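Colleague: Here it is: the structure, laid out below.
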Amino acid sequence: MKYLKNLLFLILVNMLFQGVAQVAPGKYYVQFTDKNNSPYSLDHPEDFLTQRAIDRRTRQGINYDETDLPVNPQYLTGVANTGAEILNPTKWMNGVLVHTDDPMVIDSINALPYVSVVRSVSGQVTGSEKPFFEKESAGPENRPDNLVLSRQAAAFDYGYAKGQIELINGIPLHEAGFRGEDMVIAVLDAGFDRVDVDLLFDSLRNDGRILGTKDFVTPGGNVYSAHYHGRMVMSTMAANIPGLMIGTAPKASYWLLRSENGSQEYVAEEYNWVSAAEFADSVGADVINSSLGYTEFDDPSQNHTYADMDGNTTVITNGADMAAKKGILVVNSAGNSGGSAWQYVGAPADGDSVFSIGAVDNSGAYAPFSSTGPTADGRIKPNVVATGWGATVSDGYDGITFGNGTSFSSPIIAGMSACLWQAMPEMTNMEIQQAIMQSASQYTDPDSLLGYGIPNYQSAWWILTSIDSNADDGANLASVYPNPFNSYINIRLMGNTHEASVKVINMMGATVLEQSVSSPLYRIDLNAYQDSMPKGFYFIKVTNGLKVQTLKLVKQ
């Protein structure tokens, strides 16, 4: 059985190159000074963005800026002419990751007039390879004898994965027809072994919903022959065998992007991540799932500190926030350092626009390994939590097993969020994120373990679809005040409405009270309902037989 443990990572200390002889050969980041004389123009985004990416920007009202322009190709050619191997350019940072074992090449790069800094981002590998994840023994594996027969189960028979989607109340969205169709999720991970053959993903392959793969660790490499971790992550979203396992976004389309080297840990991988996120942006991905995080490296001089977890320091966090700025919902695991000397979220989970996900079990109990908040600057993290303790995941051999890690709670949320966004395509990425947090179990009283708590996706859907207007413009049936409320609410009927039925509904969809209103101004005393109305969000539904109006309320 494969369990995930200590899946946190970090990014780079701003180390300037201090003498070639002192720097081990390997990978280097080259920072350019500008994008002057670029052949690209912001007037022609179709030259560097797909139509889907352009459409995503248009829907969210996002303008283009210089960070969208690719790195000047003449600068890349100049660096390549020194003898360095070009790995991954990054337009958001205006630089390029290169490889060389020749100190003289670094001298030549430094001499280029459009280069400002060259940084070492890896070290010399010595001894045996460091395993990416530690392994623990686990409970029994579950592999039904006849997977073909299991396909005859009901369409929404989630099998072993039912608990993890029930916890976040995602099944109503699926039953309403929102299973991720036409949404694109980019998965940034360490590899996706057997996703090309495992039966859990056969509908993904048969429908052509693996849109492509790209290896940023070994350019041109085969992501299906790399690490197993991405396959386990993918299964929580994309698996689709009724009676065995159905993921949270079984009808979404996916890009499989390898940014993490499973055998080493150097800050170079954070640069890989940024380049992969840029690629996801360019092909029009709606959601990024990143079950990765960075705090410590094989070269201790690159290690991050807790003070770095301020949302503005590390390269990967700045890259993740930039991806969110481009309109992508960036979902990232909080990390598995709970209870350790480093108990806090890592990078990029500290990003202010990053949707950071902690872990609980299927009963909602906090997973003791789940990284905690707050960030170094005092912000609530994780944002929300989902099943990551005993999560159902692919075993790589057409069956399932159970895994521990925020690596799994993150994609569970990423997939379900894609379904929510499918239901509400006119919303922005941050509006989707905010609605999910507002739906969560402890939104009004967050803490450092669960953040805002366990989300309720049906409630998030209601939050996004409800009419939230108290304006006395004659267009609505009623206005309700005060909002937030405590012990009473006033209902003022509008226009020609003189009688109406009023329901107050909690976030679980249960009716707390129902009354008839027969006067233009009516007060509902809620003191008798205090035990059944804790602090949080409520909906009030006003009906006059012809029209229905729903408003959001907050109890303080």
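Bear in mind that the values in this text are calculations on the coordinates, not laboratory data. Everything numeric in this text was worked out from a predicted model, so none of it was measured. Cβ sites come from the backbone with ideal geometry, for glycine too, and all protein chains shown count toward neighbours.
Colleague: Size of the stretch 147-465 along its principal axes in angstrom, Cα-based, largest extent first?
Modeller: That gives 54, 47, 36 Å along the principal axes, largest extent first.
Colleague: Moving on to the next point. Among Leu551, Ser519, Ile316, whose Cα projects farthest towards the positive end of the dipole of the chain, with charges put on the beta-carbon of Lys, Arg (+1) and Asp, Glu (-1)?
Modeller: So the residue we want is Ser519.
Colleague: Treat the stretch 164-219 as a sphere of radius equal to its Kirkwood radius over Cα pairs and apply Stokes-Einstein at 10 °C in a medium of 1.306 mPa s; give the translational diffusion coefficient in µm²/s, rounded to a whole number. Intermediate values should be presented prior to the final figure.
Modeller: Values: Rh = 13.8 Å.
Result for D is 115 µm²/s.
Colleague: Here is a further query. For all pairs of alpha-carbon atoms in the stretch 216-313, what percent lies in each bin of width 5 Å, listed from the first bin to the last filled one?
Modeller: 2, 10, 18, 21, 19, 14, 9, 4, 2, 0
Colleague: Which order do peptides 260-272, 531-543 fall in by mean Cβ count within 10 Å, highest first? Don't skip to the end; give the middle numbers.
Modeller: Working: 260-272: 25.2, 531-543: 16.8.
Put in order of decreasing packing, that is 260-272, 531-543.
Colleague: Using a basic spin-label model with each label point 7 Å from the Cα along Cα→Cβ, how many nm lie between Leu546 and Glu426?
Modeller: 2.3
Colleague: Over the Cα atoms of the chain, what is the Rg over Rh ratio if Rh follows Kirkwood? All intermediate terms of the calculation are to be shown ahead of the outcome.
Modeller: On the way: Rg = 25.2 Å, Rh = 24.7 Å.
Result: Rg/Rh = 1.02.
Colleague: Remind me, what semi-axes does the stretch 326-393 give for its equivalent ellipsoid, largest first in whole Å, using sqrt of 5 times each Cα gyration tensor eigenvalue? It would help to have the intermediate numbers written out before the result.
Modeller: Values: eigenvalues 74, 48, 16 Å².
Sorted largest first and rounded, they come to 19, 15, 9 Å.
Colleague: Apply the Karplus parameterisation 6.51 cos²θ - 1.76 cosθ + 1.60, with θ equal to phi minus 60°, to every residue of the stretch 516-531 and state each ³J(HN,Hα) to the nearest whole Hz, in sequence, with x for glycine and proline.
Modeller: Each residue of the stretch 516-531 in turn: 9, 10, 10, 9, x, 10, 9, 9, 9, 7, 9, 4, 6, 10, 4, 5 Hz.
Colleague: Taking only the alpha carbons of the stretch 478-555, what extent do you get along each of the three principal axes, in Å, biggest first?
Modeller: Result, largest extent first: 34, 21, 18 Å.
Colleague: Label-point separation (nm) for Asp207 and His99, each offset 7 Å from Cα along Cα-to-Cβ?
Modeller: Taking the simple label geometry, Asp207 and His99 are separated by 3.6 nm.
Colleague: Please report the antiparallel percentage of the DSSP beta bridges confined to the chain, to the nearest 5. Don't jump to the answer; show the numbers that get you there.
Modeller: Working: 57 of 85 bridges.
Around 65 percent of the beta bridges assigned by DSSP in the chain are antiparallel ones.
Colleague: Equivalent-ellipsoid semi-axes (√(5λ), Cα gyration tensor) for the stretch 25-120, whole Å, largest first? Spell out each step's value before the answer.
Modeller: Values: eigenvalues 177, 32, 22 Å².
Listed largest to smallest, the semi-axes of the stretch 25-120 are 30, 13, 10 Å.
Colleague: What's the FRET efficiency of Thr465 with Thr33 using the Cβ-Cβ distance as r and R₀ = 51 Å, to the nearest 0.05? Don't skip to the end; give the middle numbers.
Modeller: Working: r = 49 Å, r/R0 = 0.95.
Calculated transfer efficiency: 0.55.
Colleague: Here's something else I'd like to know. Return Met183, Met427, Met104 ranked ascending by Cβ neighbour count within 10 Å, so the fewest neighbours appear first. Mind showing how you got there, number by number?
Modeller: Numbers: Met183 24, Met427 17, Met104 11.
With the sparsest Cβ surroundings first, the list reads Met104, Met427, Met183.
Colleague: Follow-up. Could you tell me how many degrees, from 0 to 90 and to the nearest 10, lie between the Cα long axis of helix 51-60 and the main elongation axis, the longest principal axis, of the Cα atoms of the chain?
Modeller: Computed tilt is about 50 degrees.
Colleague: Say R0 is 22 Å: what FRET efficiency, to the nearest 0.05, do Glu46 and Thr77 get from their beta-carbon distance?
Modeller: Numbers: r = 23 Å, r/R0 = 1.06.
Using R0 = 22 Å, I get an efficiency of 0.40.
Colleague: With labels modelled as points extended 7 Å from the Cα through the Cβ direction, what inter-label distance (nm, one decimal) is found for Ala307 paired with Asp377?
Modeller: 1.6
Colleague: Return the FRET efficiency for the residue pair Ala111, Ser225: r is the Cβ-Cβ distance, R0 is 35 Å, and the value is rounded to the nearest 0.05.
Modeller: Numbers: r = 39 Å, r/R0 = 1.11.
Approximately 0.35, to the nearest 0.05.
Colleague: Another one. So what is the calculated 222 nm ellipticity per residue for the chain, using -39500 (n - 2.57) for each DSSP H run with n of 4 or more, over all residues, to the nearest 500 deg cm²/dmol? It would help to have the intermediate numbers written out before the result.
Modeller: Values: 13 runs with 118 residues, N = 556.
Taken over the chain, the calculation gives -6000 deg cm²/dmol.
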